[in-house]
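J.: Below you'll find the structure I mean.
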Amino acid sequence: MNRYKLISYDYTKNNDIITNIKSQITKYINKNDSILTDNIDINTHKSTVLQYLNTYNANYTINHYYYFFYNYLVKDMNIDFKNSVGIDYGCWAGISSIILALFECKKVYGYDFFPNNIIDSMIDNIAPETKTIIEYNIINKQPITNKVDWVLIYDVLTDFRSDNIIKEFTELVDNFYNILNKNGILLIADFESNSRINIKNLLEILNKFKVNLYYNNNNMRFVIKAIK
């Protein structure tokens, strides 16, 4: 295993891309905040997504996504997303998938627990005009079968709920190993203080991969780049 140092970056600055996405989020929230359906569950999920989006716009979440992907994944780790197909596993409200699409991916599969129609509508209204296809899917117990070039698990281990987390995450990693193309990349990012699986156990789970560990001593942020 190779170990590299992660350098902190300035996430507070805006650019045209970030400003545009924040503007589209504001329009979407204002348009949908008072629209309800006859389905209580759908209304609850929709309200939760709108709260997420409001929070994203109020803090630096959009900035974090963009600069994290650009500074760490593209620049430091030399990952070329152009024309690639990948999975954004644990994409929450889909904003991370929208940001990933900006790096000229061919297709991004987003996975989380919200209903399809809510996230699909949000993506259609917020995502900038790109050639990237963003396909949202609900996480279930069935193995994922789509062949991909990369899988990103970004700040998911903090909220990974399971009675047997090592077993279930190992099964998930095995699934990803099987669907990754040759030289495909599995990326796992989290904070060591928050992750429900420690780095030692993660490295053991990733024993089939060639692993590079990137670590920031200032905030205990780590990124694992595991190559098939």
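J.: Can you pull out every residue in the stretch 94-120 that is in contact (Cβ under 8 Å) with a residue 60 or more places away in the chain and polar (S, T, N, Q)?
T.: The one that is in contact (Cβ under 8 Å) with a residue 60 or more places away in the chain and polar (S, T, N, Q): Asn117.
J.: Looking only at the stretch 116-158, how many residues end up being surrounded by 13 or more Cβ atoms within 10 Å (Cβ to Cβ), of a type in the set (Val, Ile, Thr) and not in a loop (DSSP other than H, G, I, E, B)?
T.: Matching residues across the stretch 116-158 total 8.
J.: What number goes with the only condition from (1) under 21 Å from Lys208 (Cβ atoms); (2) loosely packed, with under 12 Cβ neighbours inside 10 Å that Ile166 does not pass?
T.: For Ile166, the failing item is (2).
J.: Being among the charged types (D, E, K, R) and in contact with an Asp or Glu (Cβ under 9 Å, 6 or more places away or on another chain) is the requirement here; does Lys75 meet it?
T.: no
J.: Report, ordered by the first and then the second residue, all pairs with beta carbons closer than 7 Å, sequence separation of six or more or different chains, a first member in the stretch 157-171 that is in contact (Cβ under 8 Å) with a residue 40 or more places away in the chain and under 16 Å from Asp112 (Cβ atoms), and a second member that is part of a loop (DSSP other than H, G, I, E, B) and of a type in the set (S, T, N, Q).
T.: Leu157/Ser195
J.: Could I ask something else about it? In a helix (DSSP H, G or I) and in contact with a strand residue (DSSP E or B) (Cβ under 7 Å, 6 or more places away or on another chain) - does that describe any residue in the stretch 31-48?
T.: Step one: list which residues in the stretch 31-48 are in a helix (DSSP H, G or I), which gives 31-32, 40-48.
Subset that is in contact with a strand residue (DSSP E or B) (Cβ under 7 Å, 6 or more places away or on another chain): none.
No, because not a single residue in the stretch 31-48 is in a helix (DSSP H, G or I) and in contact with a strand residue (DSSP E or B) (Cβ under 7 Å, 6 or more places away or on another chain).
J.: Then there's this: So which residues in the stretch 189-213 are buried (at least 19 other Cβ atoms within 10 Å of the Cβ) and among the acidic types (Asp, Glu)?
T.: Across the stretch 189-213, the qualifying residue is only Asp190.
J.: Filter the stretch 214-227 for residues that are surrounded by fewer than 18 Cβ atoms within 10 Å (Cβ to Cβ) and either of a type in the set (Phe, Trp, Tyr) or over 17 Å from Tyr65 (Cα atoms) (or both) and give the result. Don't jump to the end; show me each part of the working.
T.: First, the residues of the stretch 214-227 that are surrounded by fewer than 18 Cβ atoms within 10 Å (Cβ to Cβ): 215-220, 227.
Correct list: Tyr215, Asn217, Asn218, Met220, Ile227.
J.: How about the stretch 165-228: which strands (runs of 3 or more DSSP E) wholly inside it have at least 3 residues that are basic (Lys, Arg)?
T.: Of the strands (runs of 3 or more DSSP E) lying wholly inside the stretch 165-228, none has at least 3 residues that are basic (Lys, Arg).
J.: Same structure, new question: Condition (residue is within 24 Å of Glu135 (Cβ to Cβ), more than 20 Å from the chain's Cα centre (by Cα) and charged (D, E, K, R)) applied to the stretch 41-61: is it met by at least one residue?
T.: Checking the stretch 41-61: at least one residue is within 24 Å of Glu135 (Cβ to Cβ), more than 20 Å from the chain's Cα centre (by Cα) and charged (D, E, K, R).
J.: Within the stretch 161-189, can you find the residues that are touching an Asp or Glu at 6+ places or on another chain (Cβ under 8 Å) and farther than 21 Å from Asn78 by Cβ?
T.: Ser162
J.: Tell me, please, whether a residue that is in a helix (DSSP H, G or I), out of contact with any helix residue (DSSP H, G or I) (no Cβ under 9 Å at 6 or more places or on another chain), touching a residue at least 60 places away in the same chain (Cβ under 8 Å) and within 30 Å of Asn207 (Cβ to Cβ) can be found in the stretch 76-91. It would help to see each step written out before you state the result.
T.: The initial filter retains those residues of the stretch 76-91 that are in a helix (DSSP H, G or I), namely 76.
This time we only want the ones that are out of contact with any helix residue (DSSP H, G or I) (no Cβ under 9 Å at 6 or more places or on another chain), so: 76.
Imposing the further condition that a residue be touching a residue at least 60 places away in the same chain (Cβ under 8 Å) reduces the set to 76.
The next check asks that each one be within 30 Å of Asn207 (Cβ to Cβ); those that pass are 76.
So far as the stretch 76-91 goes, yes, one or more of its residues are in a helix (DSSP H, G or I), out of contact with any helix residue (DSSP H, G or I) (no Cβ under 9 Å at 6 or more places or on another chain), touching a residue at least 60 places away in the same chain (Cβ under 8 Å) and within 30 Å of Asn207 (Cβ to Cβ).
J.: Could I ask something else about it? Kindly indicate which of Ser23, Ser8 is modelled with pLDDT of 95 or more and either assigned to a helix (DSSP H, G or I) or closer than 27 Å to Phe222 by Cβ (or both). Steps first, answer last, please.
T.: Working: Ser8 fails: modelled with pLDDT of 95 or more.
Criteria check complete, one pass: Ser23.
The values are calculated or read from the model by the stated rules, or taken from the named source; none is laboratory data. Keep in mind that this is a model prediction, so the values were computed, not measured. All Cβ positions, glycine included, derive from the backbone under ideal geometry; neighbour counts span all protein chains shown.
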